Amino acid sequence: MTLVPIALLWASIPVLAAEPALRWLMVPVLLALLLFSARSFSLMHDCGHNTLWSSSLGNRITGFALGCLNAIPQFPWSRGHAFHHKHNGNWEVYRGPSSLLTVEQFLRLSPAAQWRYRLIRHPLMLFPGGFFYLVIRPRLQLLLGMAEFFGAALKHAMASPRSGFQAWKRFVLTFKSSHWYTTGEWLDLLSNNIVVVTSWYLMAAWLGLGLFVSCYSVVMACSAAMFICVFFVQHNFRGSYTSGTRGWSYFKGAIDGSSNLVLPEVLNWFTADIAFHSVHHLCERIPNYKLRECHRLHADLLKGCTYLSLRDIPRCFDLILWDSDAEELVSIDEALAAATR
């Protein structure tokens with residue numbers, strides 16, 4: 001229901017592009033592709049929680065494939081996402097995908113640095129930021145990490161020119177890069193890059209470089225913007241639980257630190273019901289196709305949660321500073337106004 005429509009939509013692109021009278025249909029096709037891309041990312045997310053299938057191997061294989069479809073290495077991503085679940089609501093440890101500053105840190109910045117901070121976290125930056133996150137960053141991570149590896153290998157060879165096989169084996173197995181944490185993450189990153197770059201070459205050869213790059217860039221940038229936006233507003237909203245380490249509660253992080261989105265049914269399907277987010281944080285082992293039912297069965301427990309509609313989303317992007325004293329999210333304008341009192 002996800003992969004077959006994606007294949008058919010891509011297959012329609014050269015047909016539509018070849019007929020001037022049909023080219024306007026490219027717009028709904030690209031819109032459908034970005035929605036299916038968002039769905040495949042949501043399903044990849046389930047694989048990271050080991051919940052799409054009952055088999056760990058099935059989740060691992062499917063997660064890798066869906067990660068390649070979205071150009072992102074699933075295994076390193078899922079390990080980082082697990083850290084988010086473990087510490088959600090503890091803003092001393094984890095401050096979301098935007099790495100928000102505290103009010104004190106922001107006020108210490110120069111005016112130019114404050115302007116850059118505000119610009120980088122503007123909602124429109126979701127599109128170039130999303131493109132970078134999916135298309136460029138994993139390739140850059142591999143290149144920079146391999147540069148670190150070869151640099152360290154050269155130093156090792158110069159320091160121990162007579163090193164034998166066992167010494168080199170220890171060096172390879174114990175090498176730590178700033179761009180991955182384990183050998184497993186490196187292997188997933190490497191494999192993902194091989195598959196993704198090969199698919200880019202084949203798609204460009206089939207569609208033509210210009211048509212492929214233009215369509216692919218739009219789909220990746222917009223779909224990434226969509227699921228980054230969803231993730232952001234599910235944790236950055238007025239009244240969100242933003243504790244320090246002392247007194248932090250996992251339960252409150254799930255209930256009060258996660259919002260639930262009130263979406264049209266079609267968007268619930270394309271996001272695999274991740275809108276029911278509080279129950280997802282209460283128990284990450286609930287698969288996407290059970291989230292809605294669990295939310296309904298525990299409605300009394302969840303009635304105090306925050307529920308956001310689509311019209312509430314823009315206001316969430318104002319809340320890009322953490323007031324660590326009041327333990328709440330505030331806007332830059334609020335922080336500057338408080339500082340001048």
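The values are calculated or read from the model by the stated rules, or taken from the named source; none is laboratory data. The structure displayed is predicted, hence computed values, not measured ones. Every residue, glycine among them, receives a Cβ derived from its backbone with ideal geometry; neighbour counts consider all protein chains shown. For accessibility, only protein heavy atoms count, side chains too; no ligands or nucleic acids. Shrake-Rupley method; radii C 1.70, N 1.55, O 1.52, S 1.80 Å.
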Taking the conditions exactly as written (outside any loop (DSSP other than H, G, I, E, B), open to solvent by 20 Å² or more (accessible area, probe 1.4 Å) and either β-branched (Val, Ile, Thr) or in contact (Cβ under 8 Å) with a residue 60 or more places away in the chain (or both)), does residue 21 satisfy them or not?
no
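State all residues of the range 277-289 that are open to solvent by less than 90 Å² (accessible area, probe 1.4 Å) and without any contact (Cβ under 8 Å) to a residue 60 or more places away in the chain; if no residue qualifies, say none. Working first, answer last.
Applying the first criterion (open to solvent by less than 90 Å² (accessible area, probe 1.4 Å)) to the range 277-289 yields 277-284, 286-288.
Of everything in the range 277-289, those that are open to solvent by less than 90 Å² (accessible area, probe 1.4 Å) and without any contact (Cβ under 8 Å) to a residue 60 or more places away in the chain turn out to be 277, 278, 279, 280, 282, 283.
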For the range 242-260, which positions are farther than 15 Å from residue 277 by Cβ and open to solvent by less than 10 Å² (accessible area, probe 1.4 Å)?
242, 243, 244
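Could you please let me know if residue 260 is touching a residue at least 40 places away in the same chain (Cβ under 8 Å), outside any helix (DSSP H, G or I) and closer than 30 Å to residue 6 by Cα? Give the steps one after another, and end with the answer.
Numbers: touching a residue at least 40 places away in the same chain (Cβ under 8 Å): yes; outside any helix (DSSP H, G or I): yes; closer than 30 Å to residue 6 by Cα: yes.
Against the criterion (touching a residue at least 40 places away in the same chain (Cβ under 8 Å), outside any helix (DSSP H, G or I) and closer than 30 Å to residue 6 by Cα), residue 260 qualifies.
Across the range 301-339, which residue is surrounded by the most Cβ atoms within 10 Å (Cβ to Cβ) among those that are hydroxyl-bearing (Ser, Thr, Tyr) and touching a residue at least 24 places away in the same chain (Cβ under 8 Å)?
Here is the first cut: in the range 301-339, the residues hydroxyl-bearing (Ser, Thr, Tyr) are 306-307, 309, 324, 331.
When the remaining residues are screened for being touching a residue at least 24 places away in the same chain (Cβ under 8 Å), the result is 306-307, 309, 324.
Working: 306: 21, 307: 13, 309: 9, 324: 16.
Taking the candidates together, the pick is 306.
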Going through the range 285-332 in order, the residues found to be within 19 Å of residue 267 (Cβ to Cβ), β-branched (Val, Ile, Thr) and in contact with a helix residue (DSSP H, G or I) (Cβ under 8 Å, 6 or more places away or on another chain) are 313
Say whether the condition of being at pLDDT 95 or above, of a type in the set (Ser, Thr, Tyr) and in contact with a Cys (Cβ under 8 Å, 6 or more places away or on another chain) is met by at least one residue in the range 97-120.
no
State yes or no: is residue 184 farther than 30 Å from residue 26 by Cα, modelled with pLDDT under 95 and open to solvent by less than 20 Å² (accessible area, probe 1.4 Å)?
no
Residue 69 vs (1) open to solvent by 30 Å² or more (accessible area, probe 1.4 Å); (2) without any contact (Cβ under 8 Å) to a residue 40 or more places away in the chain: all pass except (2)
Answer with yes or no whether residue 95 is open to solvent by 20 Å² or more (accessible area, probe 1.4 Å), under 22 Å from residue 289 (Cα atoms) and in contact (Cβ under 8 Å) with a residue 40 or more places away in the chain.
no
Residue 107 passes all but one of the listed conditions (1) in contact (Cβ under 8 Å) with a residue 24 or more places away in the chain; (2) closer than 30 Å to residue 332 by Cα; (3) surrounded by fewer than 18 Cβ atoms within 10 Å (Cβ to Cβ); (4) under 20 Å from the mean Cα position of the chain (by Cα); the exception is number (4)
For the list (1) of a type in the set (S, T, N, Q); (2) farther than 26 Å from residue 129 by Cα; (3) more than 21 Å from the chain's Cα centre (by Cα), I need the number of the one condition that residue 331 fails.
(2)
Suppose we keep only residues that are of a type in the set (Val, Ile, Thr) and in a loop (DSSP other than H, G, I, E, B) within the range 225-245. Which one would you say is farthest from residue 96 (Cα to Cα)?
245
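Residues that are free of Cβ contacts under 8 Å to residues at least 12 places away in the same chain, under 20 Å from residue 232 (Cα atoms) and open to solvent by 20 Å² or more (accessible area, probe 1.4 Å): does the range 39-58 have at least one? Even if it seems obvious, please write down each step before you answer.
Going residue by residue through the range 39-58, those that are free of Cβ contacts under 8 Å to residues at least 12 places away in the same chain are 53-58.
Checking the rest, the ones that are also under 20 Å from residue 232 (Cα atoms) come to none.
So far as the range 39-58 goes, no, none of its residues is free of Cβ contacts under 8 Å to residues at least 12 places away in the same chain, under 20 Å from residue 232 (Cα atoms) and open to solvent by 20 Å² or more (accessible area, probe 1.4 Å).
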Among 202, 154, 119, which is loosely packed, with under 13 Cβ neighbours inside 10 Å and touching a helix residue (DSSP H, G or I) at 6+ places or on another chain (Cβ under 9 Å)?
119
